[in-house]
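Presented below is the structure to which this report refers.
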Amino acid sequence: MSDLPSTALVTGGSRGIGEACAKKLAKDGYEVIVTYVSRPDGAEKVCKDIEEAGGKARAVKLDSSDREAVVSFFKEEIKGKVSLDVLVNNAGITRDGLLIRMKDQDWDKVLDINLTGAFTCLREAAKIMVRQKKGRIVNISSVVGQAGNPGQANYVAAKSGLIGITKSAALELAPRNITVNAVAPGFITTDMTAELSEEQVEQMLERIPLRKLGSVDDIANTVSFLASENAGYITGQVIAVNGGMYM
């Protein structure tokens with residue numbers, strides 16, 4: 001047994017789904033590292049909330065699209081300092097637009113953060129978990145990564161790519177007792193959906209058999225399960241949390 005603290009790393013954990021995952025994993029007993037890029041106040045508040053609830057957490061600024069920064073982070077902050085038991089690849093952005101009008105930089109930025117960044121974090125985490133001979137990796141994909149969505153060719157490509165990485169990594173890492181799964185949220189109540197009009201929300205609800213938006217806790221609870229011993233025989237899977245919606 002390692003004397004190092006059992007730790008969960010949540011990328012993009014300053015708000016929304018990442019925040020909910022960080023708080024849930026802290027309740028599960030993990031020390032949590034929350035990464036952020038542009039919302040230090042949000043990340044620090046998440047950590048403060050966790051500590052006030054009796055958990056342990058710290059925030060680290062990390063741009064997952066910066067490969068050198070990611071490699072340095074794992075070398076300096078993770079390797080030999082904690083037992084990295086869980087990685088939640090959640091960091092992501094959107095730069096929506098019809099594909100015939102999509103700018104190259106909008107395509108590149110979304111793929112760099114949402115896909116390449118997730119791959120780099122997964123690769124560096126896997127190096128550590130392989131030596132530990134244990135670990136849980138959960139990639140946050142999306143229902144649109146399964147079915148497509150107009151105006152989001154870049155985002156869909158990244159989220160679909162995450163599903164492919166999940167399946168390949170699961171096969172490679174299974175012999176070392178490391179599971180790799182993806183969670184594909186449907187329409188979830190977040191800061192972004194709060195800005196939608198009533199008409200837009202109603203259009204979304206018409207596509208959801210349960211006739212309601214999901215909550216960030218719905219996603220966090222699924223991540224918590226996949227990180228637990230109860231999910232030890234589940235790997236390479238995509239868990240759709242979408243109220244029954246399939247486009």
Scanning the range 185-208 residue by residue, the ones that are touching a Lys or Arg at 6+ places or on another chain (Cβ under 9 Å) and in a helix (DSSP H, G or I) total 2
Residue identified as exposed (fewer than 15 other Cβ atoms within 10 Å of the Cβ), touching a Lys or Arg at 6+ places or on another chain (Cβ under 7 Å) and of a type outside the set (F, W, Y) among K48, K75, K133 = K133
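Residues of the range 79-92 being crowded, with 18+ Cβ neighbours inside 10 Å and either assigned to a loop (DSSP other than H, G, I, E, B) or more than 18 Å from the chain's Cα centre (by Cα) (or both), which ones?
Initially, the range 79-92 is screened for residues crowded, with 18+ Cβ neighbours inside 10 Å, giving 82-92.
Passing the criteria: V82, S83, N90, A91, G92.
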In the range 1-22, how many residues are surrounded by fewer than 24 Cβ atoms within 10 Å (Cβ to Cβ) and touching an Asp or Glu at 6+ places or on another chain (Cβ under 9 Å)?
-> 5
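Which members of the range 51-67 meet the condition of being within 13 Å of L9 (Cα to Cα) and either under 18 Å from the mean Cα position of the chain (by Cα) or crowded, with 17+ Cβ neighbours inside 10 Å (or both)? Explain how you work it out, then say what you get.
Taking the range 51-67 as the starting set, the residues that turn out to be within 13 Å of L9 (Cα to Cα) are 56-62, 64.
Selection gives A57, R58, A59, V60, K61, L62, S64.
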Only one of these is in contact with a helix residue (DSSP H, G or I) (Cβ under 6 Å, 6 or more places away or on another chain) and not charged (D, E, K, R): G135, G214. Name it.
-> G135
Can you tell me which residues in the range 1-50 are over 17 Å from the mean Cα position of the chain (by Cα), part of a helix (DSSP H, G or I) and of a type in the set (D, E, K, R)?
-> K27, D41, E44, K45, K48, D49
Could you count how many residues in the range 209-247 are surrounded by 18 or more Cβ atoms within 10 Å (Cβ to Cβ), without any contact (Cβ under 8 Å) to a residue 60 or more places away in the chain and in a loop (DSSP other than H, G, I, E, B)?
-> 2
Is there a residue in the range 94-111 that is within 17 Å of L62 (Cα to Cα), crowded, with 19+ Cβ neighbours inside 10 Å and in contact (Cβ under 8 Å) with a residue 24 or more places away in the chain?
-> yes
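Every number here is computed from the coordinates shown, using simple stated rules; none is lab data. Only a predicted model underlies this, so the values are computations on that prediction, with no experimental measurement involved. When we count neighbours, we look across all protein chains shown, and the Cβ atoms used for this are built from the backbone with ideal geometry, even at glycine.
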